[in-house]
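Please treat every number below as a calculation from the coordinates, not as lab data. Fair warning: this is a prediction, and the values are worked out from it, not measured in the lab. Every residue, glycine among them, receives a Cβ derived from its backbone with ideal geometry; neighbour counts consider all protein chains shown.
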Amino acid sequence: MKDGFFSLSGMKSAIILHSILGLLLTSVSITSVVAAQSDTKLSIEAQRQLFVRAESLADKPSNQLYQKWLAQLEGYPLLPYLQQKSLIAYPYLSNRGAIEKFLQDYADSPLDRPLRRKWLEYLAKQNQAEPFLKAYRDIGDEELACKQVEFMLLKPELKQQALKQTEKLWVVGESQPKACDKVFRIWQAEGLRTPDLVWQRLMLAADGGSPTLVPYLKTLLPEKQKYLADLWLKVRRSPSQVSRLSNFPGLNPKYEAQILTYGLTRLVWNDRDLALRSWQKLENNFPFNKLQQQEIAEKFAVALAIINHPDSEEWLEKASAASQDEELVRWHLAHVLRQREWQHALNVIEFAPAVVTDEYVFQYWQARAYEEIKAPVQAKQTYEKLAEQRHYYGFLASGKLARNTNLNNLPLKFTPQELNSVANLPATQRAFEFRQLDRQLSARREWIYLQTQLNDQQLKIAAVLADQQGWHDQAIFTFSKAGYLDDLSRRFPMAFDQTLKANAQKYNIDPAWAFAIVRRESSFMPDAYSGAGAQGLMQVLPGTARYISKEKITSSSLYDPETNVGLGTQYMRYLMDKMDNNAILATASYNAGWRRVKNWLPEKDSMPMDMWVETIPYKETRNYVKAVLAYQQIYSEQLGNSENKFKDLANMVITPKG
């Protein structure tokens, strides 16, 4: 039988089997058909074990043992995953009704995409336009996207829509699959592939896309523009090529200006002085538009400010005049602070866009500037307003005022009915059941889907449920998504407390600091993994683990909380020793490496701690330090220490290299 579940020899066998499948895979659920086979109600633990066994037979849905197991799994949260596996195994037209109903019932859930992909692939091979278009959704597969357009082109009423979609598929920075060639030829035959679209695609390929696509696109450019493709590749390989005017003949000034903008904004990070000299030569020779001029100004300003270049102020003034970018204005402020020009700092804040200066960073430095220019009343008023905030800058303000912090702890209020309503949702049940099976990735997929189905209050309730399950990372992320940040005991849980406290004592570090590092690194996710290869609760790199312990450490062992915390806290002690017991520098080193942090220390004079943090060159490390210091204060108070650590931090100085 070609379109059934099995290929059996003999018409009689095929007919019998097809009858069985008709019962199993109609709009009636599989479980309702077979439930009568068993009156035994298994416990959830027994169902859990049976589900794992049943998975191995899900691709044989007519198997009698499997049917018996399905009956015993009635009501089990993960039963749809067995149904999905059966349908994936046999994505044939004879099962169309069951497949379409399943996709309708579980649309957009994690159960959707694997089956939808299999079904669309089958329909594409069978050239089944109508069911394909009915089932199609964008699932990130370019071949299927092109097949959709191909089928749409068969319908006159959809032709214009199809041609617009073809343009979007073509104007990308990567090569598209051969399956798209047919629709691209039709689109081209309509005269829609213009030189401007070729140029757009070439820019995408050269700037962050696939450079191997550029030679092909070069062949599509008009003859007088072909040199531009070679020029793009030359500048991509070596941004310093923009310093050679001979590379830019001015035959297509507008396009050459785009290449120059790309090259200059890259060159300034590698060779700042060469970039400055190049701009002086190029500025008046090419028609840089306002957006290009602003992009160049912003990149130059930040790149120069980071290293305290003599031309920093000129570029910061130029870039800030037409920008609402918070990071640019912050660097302008940081540069002025570095020079101790306090009145200038007030001017930077005053003339920055209001949408930017509403941020806490600018409120704090406004107060600091008032303090330095001997305007104590204005300073105190600004500090007092800011000190009400549970934030790094709010804690700094409270430290300046020598008062306790304001944690604004307001645990979420809810009714048992609200809690049960979210707890009983199928996606909630599936997520928690996957956790019971230690299938964390599947659990997270279900949880992410669940959040898309909830209103604001339900989202907060879901965060509470995650916390009750000990799923601290998802509790933290869900509260953040809901925008409710005042439930501190759940957003800053005392998870793995015995392990963290014991190791903090062992290595003589502040336990609140250890909690803060874990909170920032992984949000208490034991199986966290970063793109850089850091693993576990404290995001320990395998190489660091081996170096610190002087032992062989397997990568898998870093997912064990005891092992991970032991190595992470040992590394914290190591960094404290490297940084003369300065926890601020050690915190920066945990993120950026101690050698790099030593290079960031002041050259000659001591620098206030708050100012040093503000001038950390790496945005990631700068924000990391601020977060960890704030988290450390919160955890310190949760551990029973009401003293405000920021009373000392607000007046700390960072000493020069030595």
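Taking the highest mean first, how do the peptides 419-428, 456-465 order by number of other beta carbon atoms within 10 angstrom per residue? Walk me through the numbers before you get to the answer.
Details: 419-428: 16.6, 456-465: 20.8.
Listed from highest to lowest mean packing, they are 456-465, 419-428.
Just to verify a number: FRET efficiency for LEU601 and LEU158, C-beta to C-beta distance, R0 = 60 Å, to 0.05? Let's see the in-between values first.
Details: r = 64 Å, r/R0 = 1.07.
About 0.40, to the nearest 0.05.
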note = Exposure-ranked with fewest Cβ neighbours within 10 Å first, SER62, SER43 stand as SER43, SER62
key: Helix 142-152 axis, angle to the chain major axis (alpha carbon atoms, nearest 10°)   = 60 degrees
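Kirkwood Rh over alpha-carbon pairs of the chain, then Stokes-Einstein at 25 °C and 0.890 mPa s: what D in µm² s⁻¹, rounded to an integer?
Working: Rh = 30.0 Å.
So the translational diffusion coefficient is about 82 µm²/s.
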ask   = Can you list the lysines whose alpha carbon is less than 23 Å from that of LYS374, not counting same-chain residues fewer than 8 positions off?
value = LYS385, LYS400, LYS647
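Which value does Rg/Rh take for the stretch 467-563 over its C-alpha atoms, Rh per Kirkwood? Show your work: numbers first, answer last.
Working: Rg = 14.1 Å, Rh = 14.2 Å.
Rg/Rh for the stretch 467-563 comes to 0.99.
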query = Does anyone have the angle between helix 561-578 and the longest principal axis of the chain? Alpha-carbon axes, 0 to 90°, nearest 10?
reply = 20 degrees
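The stretch 168-292: percent of C-alpha pairs farther apart than 23 Å?
34 percent
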query = What nm value, rounded to one decimal, do you get for the distance between GLU223 and VAL377 when each label is placed 7 Å out toward the C-beta?
reply = 7.9 nm
query = Between ASP59 and THR452, what is the spin-label point distance in nm, taking each point 7 Å from the Cα along the Cα→C-beta axis?
reply = 2.7 nm
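Normalising by the residue count of the chain, find the relative contact order in percent from Cα pairs under 8 Å and 6+ residues apart. Walk me through the intermediate numbers first.
Working: 805 pairs, mean separation 46.6, N = 658.
Rounded, it is 7 percent for the chain.
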query = Loop-only check: which trypsin sites (Lys or Arg not before Pro) in the stretch 253-352 are DSSP coil with at most 15 other Cβ within 10 angstrom?
reply = ARG340
message = Given contacts defined as C-alpha pairs under 8 Å and at least six residues apart, what's the relative contact order of the stretch 210-308, whole-number percent?
response = 24 percent
Cut-off under 5 Å, modelled amide H: who pairs with ILE654 long-range = MET607, MET609
key: At R0 = 25 Å, FRET efficiency that the Cβ-Cβ distance of TYR360 and LEU412 yields, to 0.05   = 0.55
message = If neighbour count is taken as other Cβ atoms inside 10 Å, put CYS146, CYS180 in order from fewest to most.
response = CYS180, CYS146
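Output the peptides 585-596, 104-115 sorted from most to least packed, where packing is the average of other Cβ atoms within 10 Å over each peptide's residues. Walk me through the intermediate numbers first.
Details: 585-596: 20.7, 104-115: 17.4.
Packing proxy ranking, top to bottom: 585-596, 104-115.
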note = Phi-derived 3J(HN,Hα) across the stretch 238-246 with the Karplus relation (6.51, -1.76, 1.60, θ = phi - 60°), rounded Hz, x for Gly and Pro, is 8, x, 5, 4, 5, 6, 9, 4, 5
ask   = Counting Lys and Arg as +1 and Asp and Glu as -1, each charge on the Cβ, what is the dipole of the chain about the Cα centre in debye, to the nearest 20?
value = 1460 debye
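At 222 nm, what helix-only mean residue ellipticity would the chain give, in deg cm²/dmol to the nearest 500, using -39500 (n - 2.57) for each DSSP H run of four or more? Could the numbers behind the result be given before it?
Values: 39 runs with 413 residues, N = 658.
Helix contribution divided over all residues of the chain: -19000 deg cm²/dmol.
Within the stretch 47-187, how many lysine pairs that are 8 or more places apart, or on different chains, have C-alpha atoms less than 13 Å apart? Don't skip to the answer; put the middle values down first.
Working: LYS60/LYS68; LYS60/LYS85; LYS85/LYS118; LYS101/LYS134; LYS125/LYS147; LYS134/LYS147; LYS147/LYS178; LYS147/LYS182.
Qualifying lysine pairs in the stretch 47-187: 8.
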key: Proximal lysines relative to LYS224, as straight alpha-carbon distance under 16 Å, when same-chain residues fewer than 8 apart are discounted   = LYS254
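Please compute the length gained on full extension between GLN293 and GLU551, using 0.36 nm multiplied by the number of residues separating them and subtracting their Cα-Cα distance.
Values: separation 258, 0.36 × 258 = 92.88 nm, distance 5.43 nm.
Full-extension gain reported as 87.5 nm.
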key: Label-point separation, GLN280 to LYS182 (7 Å along Cα→Cβ), nm   = 6.1 nm
ask   = Straight-line reach from LYS299: which aspartates and glutamates have a Cα under 14 Å away, not including same-chain ones fewer than 8 places off?
value = ASP271, ASP273, ASP311, GLU313, GLU314, GLU317, ASP325, GLU326, GLU327
remark   = PRE zone check, label point 7 Å out along Cα-to-Cβ of GLU167, amide N under 11 Å, scope the stretch 182-219, hits 192-194, 197
request  = Set Lys and Arg Cβ to +1 and Asp and Glu Cβ to -1, take the dipole of the chain about its Cα centre, and tell me which of GLY566, GLN67, VAL464 lies farthest positive.
outcome  = GLN67
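For ASP648 and ASN508, FRET efficiency with R0 = 30 Å and r from the beta-carbon atoms, rounded to 0.05? Kindly include the intermediate steps, with their values, before the conclusion.
Values: r = 18 Å, r/R0 = 0.61.
Given R0 = 30 Å and the Cβ-Cβ separation, E is 0.95.
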inquiry  = Based on DSSP loop calls and a cut-off of at most 13 other Cβ atoms within 10 Å, the longest stretch of the chain free of exposed GluC sites (Glu not before Pro) is what?
reply    = 1-173
